[in-house]
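Report on the structure given below.
The values are calculated or read from the model by the stated rules, or taken from the named source; none is laboratory data. Given the structure is predicted, the values throughout are model-derived calculations rather than measurements. Cβ coordinates were reconstructed from backbone atoms using ideal geometry, including for glycine residues, and neighbour counts include every protein chain displayed. Heads up: the accessible areas ignore ligands, DNA and RNA and are worked out on the full protein's heavy atoms, side chains in. Shrake-Rupley method; radii C 1.70, N 1.55, O 1.52, S 1.80 Å.
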Amino acid sequence: MRFVKNIIRWVLALFFSSTIMMVVAYRFIPVYVTPLMVIRSIQQMKEGRSIIWHHHWVPLDKMSKHLPVAAMVGEDAKFLTHHGFNYEAIKKAAERNASKKKITRGGSTITQQTAKNVFLWPSRTWLRKGLETYFTVLIELIWSKQRIMEVYLNSIEMGNGIYGADAVAEYHFDKTAEELTRSECARIVATFPNPRIYNSKSPSAYIRMRQRRIEKEMRYIPSFPKEGKEIDPSTAKGDYYKK
């Protein structure tokens, strides 16, 4: 029994030390590969298709200033003011999923999505959600909000085999991430519920509708703050952050 306890202790120590080191490392170095990118490539091979993997890492200041604002409107309006979790959204999601064995819909923040994209796999089990919570706490403790947004916009799936802002800008708009217009940023974010089905290059009527809503609400969020500066929610028009 003592031997088993020692094994468990060493396994836990290895897990915590390695994961903390990974989070610290990614605070400074680009994230060129994520588990999702690898999983999608394997799926493509199994289906007998050519591997499509478009991903270019670019710093946040080389992206359109409208993109992080659009991301907050579409995915996480309270991103700059919460500490990784939107408890109101989590409560609503828990109520919806209380009677189900698997999670059908979540209340994930941008930080939680970043934790999932960079460190975990795409599933809806409670184990995955538990690990996501752990990595979310680490990320919020170690990274700045600017770094979280930078990694998020470089890592998130934005189309079939397309990952990150610069790749979607090139393959859907024939430009760089820095050149994306306000309207194009809103359209890209409008596809985030399922970017493999919804296409920002050839948007459906539904995506056009979401794009218009996002553009309209972007007026209520000030520009995304630079590194080292935090936004004052009281300056947001219409008390947007109280949503």
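This model, with +1 at the C-beta of Lys and Arg and -1 at the C-beta of Asp and Glu, gives the chain a dipole about its Cα centre of some 1080 debye.
The candidates Asp174, Asp166, Asp76, Asp61, arranged from most to least accessible area with a 1.4 Å probe in the full protein assembly, appear as Asp174, Asp61, Asp166, Asp76. For the chain, modelled as a GNM whose springs connect Cα atoms under 10 angstrom apart, the maximal fluctuation among Met22, Met149, Met218 occurs at Met22. Projecting the Cα atoms of Phe3, Met63, Ile20 onto the charge dipole of the range 1-67, computed from C-beta unit charges around the Cα centre, puts Phe3 farthest toward the positive end. Computed extension gain for Val24 through Gln43, at 0.36 nm per residue and net of the alpha carbon distance, reaches 3.8 nm. The longest stretch of the chain left intact once loop-based GluC sites (Glu not before Pro) with at most 12 other Cβ atoms within 10 Å are removed from consideration, loops following DSSP, is 48-226. Computed over the chain with a Gaussian network model linking Cα atoms closer than 10 Å, the most mobile of Ala115, Ala25, Ala167 is Ala25. Seen from a random direction on average, the alpha-carbon convex hull of the chain projects onto 15.6 square nanometres. Between Arg208 and Trp10, the FRET efficiency estimated from the beta carbon spacing at R0 = 35 angstrom works out to 0.05.
For the options Ser144, Ser223, Ser202, a Gaussian network treatment of the chain with springs between C-alpha atoms closer than 10 Å singles out Ser202 as fluctuating the most. Segment Ile51..Ser123, full-extension length gain: 23.8 nm, with 0.36 nm per residue of separation and the alpha-carbon distance subtracted.
Measuring nothing but protein heavy atoms, the accessible surface of the chain at 1.4 Å probe radius is 59 percent carbon and sulfur. Legend: residues Arg219, Arg196, sorted from most to least accessible area (1.4 Å probe; ligands, DNA and RNA excluded), read Arg219, Arg196.
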